[in-house]
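The values are calculated or read from the model by the stated rules, or taken from the named source; none is laboratory data. What you see is a predicted model, and the numbers here were worked out from it, not measured in a lab. Glycine also receives a Cβ, built like all others from the backbone with ideal geometry; neighbour counts cover every protein chain displayed.
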There are 2 protein chains.
Amino acid sequence: MPQPLPISDQARRAAGQAIGFLMQQAVENADCLSLAAGLVDEQSLPAELAHRTLADLLQDPRKGRQRLQYGTTQGPEPLRRIFRSYLAELEQVDDQLKSLPLSRIILTTGSQQLLTLIVRALFNPGDICLVAAPTYFVFLGVLQAAAARIIPVQSDDQGMQPEALQLALRQLHDSGDLHRVRLVYVVSDFENPSGVSVAPERRPQLLETVQQYSAISRILLLEDAAYRELHFDIPARRSIWSLDQNGHQNVILAQTFSKSFSPGVRVGLGVLPEDLIQPVTDLKGNDDFGSPHLNQHLIARTLQDGTYQQHVAQVRQSYQSKRDAMLAAIDREFADLPQVSWFRPHGGMYVWMKLPAHISTGFDSELFRRATQVEKVMYVPGELCYPPDWEAAPGCEMRLSYGVLSEQQLDEGICRLARAVRSLLLP
Amino acid sequence: MPQPLPISDQARRAAGQAIGFLMQQAVENADCLSLAAGLVDEQSLPAELAHRTLADLLQDPRKGRQRLQYGTTQGPEPLRRIFRSYLAELEQVDDQLKSLPLSRIILTTGSQQLLTLIVRALFNPGDICLVAAPTYFVFLGVLQAAAARIIPVQSDDQGMQPEALQLALRQLHDSGDLHRVRLVYVVSDFENPSGVSVAPERRPQLLETVQQYSAISRILLLEDAAYRELHFDIPARRSIWSLDQNGHQNVILAQTFSKSFSPGVRVGLGVLPEDLIQPVTDLKGNDDFGSPHLNQHLIARTLQDGTYQQHVAQVRQSYQSKRDAMLAAIDREFADLPQVSWFRPHGGMYVWMKLPAHISTGFDSELFRRATQVEKVMYVPGELCYPPDWEAAPGCEMRLSYGVLSEQQLDEGICRLARAVRSLLLP
C-alpha cells in the first residue's frame, strides 16, 4: 500500500459534489427513463452541417493547416470579430457592439470554463457570491471548490427579486461584509433548473442595484445566458449586459454554443469588464493556452454564412415540441394532485415542479427510491440546486428535463413519475 | 472610473509571467525572424488527414450526432481503450498495458491542462515541487500561480542527476520538509528548453529515489513526455512511467498530440495513479465537464487506422531536417567563438546555447536589444527557464527553436544571431 496521497484544499472541496452524485445515480439507474440528464437532444445535433463546414475549413491545405495550429489564449482576433457581430445581432444594438473592443471578448471551452475562470480570478476563500434560489448546481459546486460564501436571494417566476437583492446587499453593507462580495450570479433566460427568465423590467433594476453598491466596493453581475437562444413563444430578450452602459464595467456576459449547436465542440464565449480580461487570460494561459482553434473556426464559419442561425431555428422548434409534450403529460397526470405545481417555461430545457412540503425528493427519499427502483424514471432532486448549507432550502422540488427523451418517452416518463408521486400522496 | 476590481491571490500570482512577456515581445518584434516561438511547424500539420478523418466521423448522421454530443469528464471509455492500445505500442509492453484499468486514463485539453489540474489537485501554498534546471517555463508559471516552493535539481546533458535529486530529498527530509514535497517534475525526452533527454540508466534511478522517499511521505514523479515521439536519430525510449511496476503509484504520465499531430485540436492524454484520478476529475468536472469529444474521436480514429503513425513519421523527418539545418548553421557561425557551447538534441524542437557568463541574454540585455532591434532575430532568454527567485540561475543562455522557420530562414536567423553575439564578444 502506498502512503496516502495528500490532496489540496481546493481538490478536497471539489470532491463529493452534486454533479458527482447525480452522475453516479445516472449510471446506477441506467435502466430508467431519464428526466434528469441535462444533455442536449441528440437528434438536434448538426452532423451534416458540421461535416460540410469542417470539410470547407480544411479543404484548402494552406488555410487548413493554419486552423490546426495554435490559436491564442483569448481566441484569434479575426474570430472574435465574428463573434462580436453575432452578439450585435442577438442584442439588436449594432452601434454599441461596434465600439466594444475585441480585447473584451474571450473564447473558452464551453461557458463552463469561463464560469470557473471567473471564480478563480476573483475569489479568495470566504469571498461572497449572491445567487438566485434555486440556481445552476454545477456553478454552486464551483463556488464551493473556491470556498466561497454563497448567499441565496429570493427569486420567483419573474427571476431574482430586485428588492431581495437590495436587502441582501444592504445587510452585507451594514455588517461590514460588502467588500467581500465579488459576484451576483444570474441566469437571465430559462434558468437551469427553474425554467424562469428574469423579467424585462427587473433587468435594469438588478443592474442598478449592483451598480449602486459597486460604487462603494466593486461588484460584478455574472450573467449566464447559456439558454438565451432557446426561446419558444416569446421573442429574444436583450441581455442585462447590454443595459450596462457604463462601459460594461459591471456585467460579465457568458454564453455557449453547447446548447444551440453542439456540446461536443465545446465553444463558449465571454464578454468581460476591461480589468477582468487580464486576470482571466493569465489563468487560462496556464490552463491551456487557448481552447481548440479548429472548433472556434467551425462555429465562426456557421455564424458568418448564416447556417448557424438556420440551425438554431430548427433546434428551437424541436425543444418547443418536447416542452409541449412534457407539459401536456404533466397537465394530464398531475392536475388532480393537491399542492403540486409546476412552472411553464418559455424556453430552455427544464420544468421545475414543486410537491407538497412533506414529500421529500432527495436521493435518500422514498420518492426517489420508488421512482428509480419501482417506476424506472429518474429526476434531479431540487435540493441540489440550493446552497448545500442553506437551512431554508425546500426539499420537495424536482428538476425535469425534456432535453434527451423523445416526445413519446417524455409522456411515458411523466406517467411513471406521476405514479410514484401518487403512491406517496394518495396511499 | 469604477472601483478597483479585487483579484484573487491565485490570479495575482498568475500575472506577469514569463509567457506573457514573451508573447508581448513576439508582438512587438513581429518583424524579427523568430527562433523564440514554441509553435509547431505549420507545414507539418495534417490538413488533408484531418479533413478526411472528420468527414469519415461525421458522414453517418447517427454516429456523427453522437460525436457532437458531450463526452464524459475523463473522456469516453471506448476512446480511452484506443489510447491505451496506443500507449502499449509506444512502450512495447503490451501485457503491462492490458492490465491498466481504463479508469486510470484521462483525456485533457492538451497536456497543459493536465499539468495544471495536477498542480491544482495536489498543491497548497508552500508545497514543494522539484524540477530540472533549466525546465519548461510555462510549468514554472503554473507552480508560481499555486504559490508552490520550487526547488531546482542539478541537471546535465543526461537529464536530471539522480544523486542531486537524492541529495535534495535528503535535505528536505532532514529539515522536516519532506511532507511538503508533492512532485518531481521531469521532462523525459528532448526537454523544452534544453533538448536533453533523461538517459536510460537514469530513469530507474530517478524513480527509485522517488519511491524511497515516497515510502515516508507520498511523492509523485510527473513525467512530461510531450516530445517523446519526435525522436530523430535514436529509437523511442520507454517512459519512466513504464518502469513504475508498483501499480504505477508513483509516476504520472503526461502526453499530448499537439506536437505530433495538431495543437489546434488540443488533445492531451494522462495516466494517473489510482488515488489521483478522482481529485483531478472533480476539478476538471468544474472546469469543463470534459474536453471536446469530437476532437478526441479525431485523434482516436487516426490512431486506430494507422494514419497517425504514418503522419508522425513524416513529422519526425521534417523536424530532423530543420534540426540539421540549425545545427549546421550554428557549427559554421559559432565555432570560432570562445566559451560558446550548444547541445545537440536527438529530437524535439529546441537547441540550448550557452554564452560566456558575462554576456547577459535577458529581455533587458544589450544582446536582446541588438538581436531584436538591429539584427531582427528573436530568441527566448534562458533565465525564463529557471525558478524566478533562484539566485544561482545562469543569465547567459538562450533557447533556440527550429519549430516555426523554414530551413533557409533558420540559416539566416542563426547568421543574424551570430552577428549580434559577435558584436558583444569581439567588439
Worksheet item: Is it true that some residue in the stretch A:16-31 is buried (at least 22 other Cβ atoms within 10 Å of the Cβ), aliphatic (A, V, I, L, M) and closer than 30 Å to residue A:296 by Cα?
Response: no
Worksheet item: Is one or more of the residues making up the stretch B:47-56 of a type outside the set (Gly, Ala, Ser), more than 30 Å from residue B:244 (Cβ to Cβ) and either at pLDDT below 95 or in contact with a Phe, Trp or Tyr (Cβ under 9 Å, 6 or more places away or on another chain) (or both)?
Response: yes
Practice prompt. Taking the residues in the stretch B:253-266 that are under 22 Å from residue B:159 (Cα atoms) and of a type in the set (A, V, I, L, M, F, W, C) as candidates, determine which candidate is nearest to the other protein chains (Cβ to nearest Cβ).
Written response: B:254
Discussion item. Looking at (1) more than 21 Å from residue A:426 (Cα to Cα); (2) surrounded by fewer than 20 Cβ atoms within 10 Å (Cβ to Cβ), which one does residue A:342 not meet, given that it meets all the others?
Written reply: (1)
Item to complete: Determine which member of the set B:149, B:202, B:180 is modelled with pLDDT of 95 or more, of a type in the set (D, E, K, R) and in contact with a helix residue (DSSP H, G or I) (Cβ under 6 Å, 6 or more places away or on another chain).
Response: B:202
Worksheet item: What about residue B:318, is it closer than 21 Å to residue B:263 by Cβ and surrounded by fewer than 17 Cβ atoms within 10 Å (Cβ to Cβ)?
Response: yes
Practice prompt. Could you check, for the stretch A:101-109, whether at least one of its residues is modelled with pLDDT of 95 or more, surrounded by fewer than 21 Cβ atoms within 10 Å (Cβ to Cβ) and closer than 30 Å to residue B:51 by Cβ?
Written response: yes
Item to complete: Could you tell me whether the stretch A:274-286 includes any residue that is outside any helix (DSSP H, G or I), at the interface with another protein chain (Cβ under 9 Å from one of its Cβ atoms) and touching a residue at least 60 places away in the same chain (Cβ under 8 Å)?
Response: no
Worksheet item: How many of the residues making up the stretch A:368-386 are closer than 20 Å to residue A:38 by Cβ and not in a loop (DSSP other than H, G, I, E, B)?
Response: 11
Worksheet item: Within the stretch B:316-346, how many residues turn out to be in contact with a helix residue (DSSP H, G or I) (Cβ under 7 Å, 6 or more places away or on another chain), assigned to a helix (DSSP H, G or I) and basic (Lys, Arg)?
Response: 1
Worksheet item: If you take the residues in the stretch A:117-136 that are surrounded by fewer than 24 Cβ atoms within 10 Å (Cβ to Cβ) and small (Gly, Ala, Ser), which one is farthest from the other protein chains (Cβ to nearest Cβ)?
Response: A:133
Worksheet item: Is at least one residue of the stretch B:190-202 under 17 Å from residue B:250 (Cβ atoms) and surrounded by fewer than 24 Cβ atoms within 10 Å (Cβ to Cβ)?
Response: yes
Worksheet item: Looking only at residues in the stretch B:16-32 that are in contact (Cβ under 8 Å) with a residue 40 or more places away in the chain, part of a loop (DSSP other than H, G, I, E, B) and out of contact with any strand residue (DSSP E or B) (no Cβ under 6 Å at 6 or more places or on another chain), which one is nearest to the other protein chains (Cβ to nearest Cβ)?
Response: B:17
Discussion item. Step by step: first the residues of the stretch A:345-393, then only those that are surrounded by fewer than 17 Cβ atoms within 10 Å (Cβ to Cβ) and basic (Lys, Arg), then the one that is nearest to residue A:414 (Cα to Cα). Which residue is that?
Written reply: A:376
Response to the item:
Every listed condition ((1) under 22 Å from the mean Cα position of the chain (by Cα); (2) surrounded by 15 or more Cβ atoms within 10 Å (Cβ to Cβ); (3) not in a loop (DSSP other than H, G, I, E, B)) holds for residue A:313 save (2)
Fill in: Residue within the stretch B:330-347 that is free of Cβ contacts under 8 Å to residues at least 12 places away in the same chain and not assigned by TED's automatic domain parsing to the domain that holds residue B:33 present
no
Discussion item. Restricting to the stretch B:51-71, count the residues that are farther than 19 Å from residue B:303 by Cβ and within 31 Å of the chain's Cα centre (by Cα).
Written reply: 3
Worksheet item: So is residue A:299 buried (at least 24 other Cβ atoms within 10 Å of the Cβ), over 17 Å from the mean Cα position of the chain (by Cα) and more than 23 Å from residue B:19 (Cα to Cα) or not?
Response: yes
Practice prompt. Could you list all residues from the stretch B:33-57 that are surrounded by 19 or more Cβ atoms within 10 Å (Cβ to Cβ) and without any contact (Cβ under 8 Å) to a residue 60 or more places away in the chain?
Written response: B:47, B:51
Worksheet item: If you go through the stretch A:6-15 one residue at a time, do you hit one that is more than 7 Å from chain B (Cβ to nearest Cβ) and either modelled with pLDDT under 95 or over 30 Å from residue A:408 (Cα atoms) (or both)?
Response: yes
Discussion item. Quick check on residue B:184: is it in contact with a Ser or Thr (Cβ under 9 Å, 6 or more places away or on another chain), within 28 Å of residue B:322 (Cβ to Cβ), without any contact (Cβ under 8 Å) to a residue 60 or more places away in the chain and crowded, with 24+ Cβ neighbours inside 10 Å?
Written reply: no
Practice prompt. Kindly indicate the residue of the stretch A:53-96 that is among the small types (Gly, Ala, Ser) and within 14 Å of chain B (Cβ to nearest Cβ) and also farthest from residue A:108 (Cα to Cα) among those meeting that condition.
Written response: A:55
